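Taking it in order: structure first as structure tokens, then the write-up.
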Amino acid sequence: MAEKQEEPSNTQNGEPENAEEGEEKKKKKLKREDLPPFEIVTGERLPAIFFKFQFRNVEYSSGRNKTFLCYVLETQGKESVTSRGYLEDEHAAAHAEMAFFNTILPKCESSLRYNITWYVSSSPCVTCADRITETLKKNKNLRLTIMVGRLFMWEEPEMQAALKKMKSAGCKLRIMKPQDFEYVWQNFVEQEEGEEAKAFVPWEDIQENFQYYEEKLAEILH
């Protein structure tokens, strides 16, 4: 079973422990803190420090109050087109899942078919799960697969019911395997400028936690 984690350190949250590191990174952090309420952060690659903390598949997500959503959007047709990026909800009232439907989905044409894959730090809340179900029912040209690092409030009956509705609507919900975390690391995490890409280093309990969540999801969706 996954182990309970301690409160995150400043380093885990992306805050440097010494002044020398802090001066250079302060500008980047200012951009995040100066965002207006409910702003959605978007981009092609997310900072490695956030990936290592937010995507870690622990059982008790202490301090992990954001959602990071990495997406791959494949347009089916004579010439297949693939686009990718990530969304981060900066405040609790603007979830990354909603941001995808409000900012990315409108660019899709109803006459084309799309395969969408999300790699998300945790599974959606009830409200977002209901929006996913509603969207898939209305847009038959969409195929959505959601790979999640953790299950959010999975013990709650309302949450379980929402996940089942997603499945009935055609959404494929999966728990991220170690290979999936490596894929996100390689394709969605930024590397230091001037340095060679660093290999993904799995944390000690990554396989154990994957199996734990996979069992729980199977129990919910059976």
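The values are calculated or read from the model by the stated rules, or taken from the named source; none is laboratory data. None of these values were measured; they are calculated from a predicted model. Reconstructed Cβ throughout: ideal geometry from the backbone, glycine too, with neighbour counts over all protein chains shown. The area values use the complete protein model at the heavy-atom level, side chains included, leaving out ligands, DNA and RNA. Shrake-Rupley method; radii C 1.70, N 1.55, O 1.52, S 1.80 Å.
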Could you pull out which residues in the stretch 101-125 have an amide N less than 17 Å from a spot 7 Å beyond the Cα of residue 154, following the Cα-Cβ vector? 119-125
Based on the alpha carbon coordinates of the stretch 108-222, what radius of gyration and maximum Cα-Cα distance (Dmax) apply, in Å? 16.1, 49
Between residue 101 and residue 214, 0.36 nm times their residue separation minus their Cα-Cα distance comes to what? 38.0 nm
Could you pull out every residue, at least 5 positions away or on a different chain, whose amide H is within less than 5 Å of the one on residue 152? Hs are placed 1.01 Å off N in the peptide plane, and Pro or chain starts have none. 123
Once phi is turned into θ = phi - 60°, what whole-Hz ³J(HN,Hα) does the Karplus curve with 6.51, -1.76 and 1.60 give for every residue of the stretch 171-185, x standing for Gly and Pro? 6, 9, 9, 9, 8, 5, 7, x, 5, 6, 5, 5, 4, 4, 4
Residues meeting the amide H criterion for residue 175 (H placed from the backbone, H to H distance under 5 Å, 5 or more places apart or on another chain) are 148
From phi via Karplus (6.51, -1.76, 1.60), per-residue ³J(HN,Hα) for the stretch 148-160 in Hz, x at Gly/Pro: 10, x, 9, 9, 8, 6, 5, 6, 6, x, 5, 5, 4
Counting pairs of alpha carbon atoms under 8 Å apart in space and at least six apart in sequence, what relative contact order in percent does the stretch 149-222 give? 47
For the stretch 99-222, with all protein chains present and a 1.4 Å probe, just round the carbon and sulfur fraction of the accessible area to a whole percent. 47
Considering only protein heavy atoms, what per residue accessible area in square angstrom results for the stretch 71-156 with a 1.4 angstrom probe? 48
